[in-house]
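I have placed the structure first, in the form of structure tokens, so that the comments after it can refer back to it.
The values are calculated or read from the model by the stated rules, or taken from the named source; none is laboratory data. Since this is a predicted model, take the numbers as computed values, not measurements. Don't worry about glycine lacking a Cβ; one is built from the backbone with ideal geometry, like all the others, and counts go over all protein chains shown. Side chains are part of the model used for accessible areas, which takes the heavy atoms of the whole protein and leaves out ligands, DNA and RNA. Shrake-Rupley method; radii C 1.70, N 1.55, O 1.52, S 1.80 Å.
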2 protein chains.
Amino acid sequence: MSGRFTRPLDIAGGRVEMTHGGGGRAMVQLVAELFQAELGNPILAQGNDAALLPPAAGRLVMSTDAYVVSPLFFPGGDIGSMAVHGTINDIAMSGAQPLYLSAAFILEEGLPLADLARIVASMARASREAGVPIVTGDTKVVERGKADGLFITTTGVGVVADGLMIAGDAIRSGDVILLSGSIGDHGIAILSQREGLSFSVPIESDSAAVHGLVADMVAAVPEIRCLRDPTRGGLSATLNELATQSGVGLVIEESAIPILPVVRGACEILGLDPLGIANEGKLIAFCPPEHAEALLAVMRAHPLGRDAAVIGVAIEDPRRFVRLRTTLGTERVIDWMFGAQLPRIC
Amino acid sequence: MSGRFTRPLDIAGGRVEMTHGGGGRAMVQLVAELFQAELGNPILAQGNDAALLPPAAGRLVMSTDAYVVSPLFFPGGDIGSMAVHGTINDIAMSGAQPLYLSAAFILEEGLPLADLARIVASMARASREAGVPIVTGDTKVVERGKADGLFITTTGVGVVADGLMIAGDAIRSGDVILLSGSIGDHGIAILSQREGLSFSVPIESDSAAVHGLVADMVAAVPEIRCLRDPTRGGLSATLNELATQSGVGLVIEESAIPILPVVRGACEILGLDPLGIANEGKLIAFCPPEHAEALLAVMRAHPLGRDAAVIGVAIEDPRRFVRLRTTLGTERVIDWMFGAQLPRIC
């Protein structure tokens, strides 16, 4: 349709204008020359209000997340790649195969089109690498000062193989707790970018789509009880949420939790608890003890689970406490924060 | 989980705080006492990152829309009911049965919880009345001045019956164009609320879920070629988009287009073109001429299609023009606006 426009969109020097959200030709041009050009696939190209998809065999899953991370660009990713990874991961945490994504953009008037193009290109790359296409979308524009650059909401749809029953309320006393890798990287990367901090070793977000890791895990150990990605609120909030949902206590070993030395150092300097910091490419898994060894081996065989470790065990506890055995041999209850250590982390 | 909170959420007097988006206990309390309390259904209550849904037989459809309408409340609806209706309608425009919705909220710090509760209650009502549950959601909070009260993104999933092939590129020369009712009500209702205008007769938004009307239409006339709801950009933008997609010309009769007298009057006073104004409960349908009479009868038999009318016809035209035959007997090309007459209408 871009044949209707006398001049192509000025992606290098232009900015988002209110007309780009008006439903008229300016919006069609933005969609054609920026979104379709980057994200293009045969389904998105249908150009109808809804994307028409083939039938999907099996139970469906659906998940949505709004992304408001600030700043928009950070070491290891940006709001675009994160909006793809995060929603793929939420789908994968039910053991499902993610099939499709939708993306809705809220743009602030004045946003440089170059920033938008860079973010959309990053989404396109993340979507291609994950093999999960963005099949439909929407663009709205609000006046300057009524948003913060841009917000993206992605929604995912997937299918779960028969026989899997992976859920937050399925954990049983005796289950082993596994963690796929080091924690805290994402939150500290965002914070360092936001505050202009620099460390001896650069800290990058771990933002990644873990559905491939999950596919290997459920293929090898379909008895997995629960998967969850420790994003907002970190490991502490996630473990407390799961203890509550399943009605169990959880005991974790501090010495078993992988934390990069530079992240540990940054947390010490900044007075932050690494257990409360968001991750974007990690998962926690619960399985019956007889399958733990096999599951750990499968996780370690995948690039995103190389540093996987057994970190604890579920026990009977009517109080549903999450307890940490420290490296000093003491034990403390890991409470659940009221808010968050860091706002707008995702 | 609300047993963990010493005090219930102060919905009457409280405000959204940054902690409500932090992934900790404050967020869990907001979700439990406000979102779950209003929207509650067995799927939403699963409480996992993704909603687990039964298998769906048939081709899937998926659609997403961000809602940024200002003001949040307007005659005939609010951002909440609109976010439900609008996405259901986008799903229905493929002839599909809408099955599930997700909802992602971006809240501005300081938003009165009473406003949020009223909006979520309105979503719950719209969802119940439409029979399409909200099965999963997300809540983020941004600092004061970084959003505008709240934005909602809803995504819908549905299934299309075998044999239907309804799309924007399916219109053929000779097809008859039908419109389900009066146009311009939504845009003028929003504008009057925003600008504090009052008219002799109150103008209400037409915001409604039209999937029931569509179900009747496709059951009676599966030969329908195309359905589209004339939202942003109104009838002009929608018809121009479809003429382009299908490679046809469209000719419509001004005298055949239903417009409420009060809306026509308001447009005259305000210098607005009713053909360019957004609607939220109307649809345009295209069908082969031999089915037009039957389709019109089915539409008029439904409460949301009582005022349905045949408004024009598709013709061969390599220029893909949309032309209006005026009540004066003249003819003019209906161009497609560059932006929109009214910003933030949906």
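Need the failing condition index for A:Leu250 against (1) hydrophobic (A, V, I, L, M, F, W, C); (2) over 24 Å from A:Val214 (Cα atoms); (3) modelled with pLDDT of 95 or more, just the number.
Failed condition: (2).
Check B:Gly95, B:Gly145, B:Gly80, B:Gly110 and return the single one that is of a type outside the set (S, T, N, Q), more than 23 Å from A:Gln46 (Cβ to Cβ), part of a loop (DSSP other than H, G, I, E, B) and open to solvent by less than 30 Å² (accessible area, probe 1.4 Å).
B:Gly110
Which residue, of B:Leu242, B:Leu235, B:Leu227, B:Leu304, is at pLDDT 95 or above, in a helix (DSSP H, G or I), of a type in the set (A, V, I, L, M, F, W, C) and in contact with a strand residue (DSSP E or B) (Cβ under 7 Å, 6 or more places away or on another chain)?
B:Leu242
Scan the stretch B:78-98 and tell me whether some residue there is in contact with a helix residue (DSSP H, G or I) (Cβ under 7 Å, 6 or more places away or on another chain), within 28 Å of A:Asp229 (Cβ to Cβ) and more than 14 Å from chain A (Cβ to nearest Cβ).
Checked against the condition, which is being in contact with a helix residue (DSSP H, G or I) (Cβ under 7 Å, 6 or more places away or on another chain), within 28 Å of A:Asp229 (Cβ to Cβ) and more than 14 Å from chain A (Cβ to nearest Cβ), the stretch B:78-98 yields no hits at all.
Can we say A:Asp273 is within 30 Å of A:Ser200 (Cα to Cα), open to solvent by 30 Å² or more (accessible area, probe 1.4 Å) and touching a Ser or Thr at 6+ places or on another chain (Cβ under 8 Å)?
Yes.
Go through the stretch B:305-346 and count every residue that is away from chain A (no Cβ under 14 Å) and either within 18 Å of B:Ile171 (Cα to Cα) or among the hydrophobic types (A, V, I, L, M, F, W, C) (or both).
Of the residues in that region, 13 qualify.
It is to be established whether one or more residues within the stretch B:307-316 are within 19 Å of the chain's Cα centre (by Cα), over 30 Å from A:Phe105 (Cβ atoms) and open to solvent by less than 10 Å² (accessible area, probe 1.4 Å).
yes
From the set of residues in the stretch A:20-66 that are in a loop (DSSP other than H, G, I, E, B), touching a helix residue (DSSP H, G or I) at 6+ places or on another chain (Cβ under 7 Å) and open to solvent by 10 Å² or more (accessible area, probe 1.4 Å), which is farthest from the other protein chains (Cβ to nearest Cβ)?
Looking at residues that are in a loop (DSSP other than H, G, I, E, B), touching a helix residue (DSSP H, G or I) at 6+ places or on another chain (Cβ under 7 Å) and open to solvent by 10 Å² or more (accessible area, probe 1.4 Å), I get A:Gly47.
Given the conditions (1) within 24 Å of B:Ala57 (Cα to Cα); (2) at the interface with another protein chain (Cβ under 9 Å from one of its Cβ atoms), and given that B:Ile224 satisfies all but one, which numbered condition is not satisfied?
(2)
Let's see how each residue does on (1) surrounded by fewer than 24 Cβ atoms within 10 Å (Cβ to Cβ); (2) out of contact with any strand residue (DSSP E or B) (no Cβ under 8 Å at 6 or more places or on another chain); (3) within 25 Å of B:Gln341 (Cα to Cα):
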site	(1), (2), (3)
B:Thr155	no, no, no
B:Val159	yes, no, no
B:Gly174	yes, no, no
B:Ile177	no, no, yes
B:Ser192	yes, yes, yes
B:Val214	no, no, no
B:Met217	no, no, no
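Hey, could you check the stretch A:203-221 for residues that are part of a loop (DSSP other than H, G, I, E, B) and among the aliphatic types (A, V, I, L, M) and say which is nearest to the other protein chains (Cβ to nearest Cβ)?
A:Val210
Conditions tested, residue by residue: (1) farther than 24 Å from B:Thr87 by Cβ; (2) within 15 Å of the chain's Cα centre (by Cα).
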{"site": "A:Pro42", "(1), (2)": "no, no"}
{"site": "A:Arg59", "(1), (2)": "no, no"}
{"site": "A:Pro75", "(1), (2)": "yes, no"}
{"site": "A:Ala83", "(1), (2)": "no, yes"}
{"site": "A:Gly86", "(1), (2)": "no, yes"}
{"site": "A:Ile106", "(1), (2)": "no, no"}
{"site": "A:Arg128", "(1), (2)": "yes, no"}
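What number of residues within the stretch A:246-263 satisfy the criterion of being farther than 26 Å from A:Ile188 by Cα, open to solvent by 30 Å² or more (accessible area, probe 1.4 Å) and among the hydrophobic types (A, V, I, L, M, F, W, C)?
0
Within the bounds of the stretch B:123-142, is there any residue that is free of Cβ contacts under 8 Å to residues at least 24 places away in the same chain and either open to solvent by 10 Å² or more (accessible area, probe 1.4 Å) or part of a helix (DSSP H, G or I) (or both)?
Yes: one or more hits.
Across the stretch B:166-202, what is the total count of residues that are modelled with pLDDT of 95 or more, part of a loop (DSSP other than H, G, I, E, B) and of a type outside the set (D, E, K, R)?
The number of residues fulfilling the criteria is 12.
Return only the number of the condition from (1) within 23 Å of B:His85 (Cβ to Cβ); (2) among the aliphatic types (A, V, I, L, M); (3) more than 14 Å from chain A (Cβ to nearest Cβ) that B:Leu270 does not satisfy.
(1)
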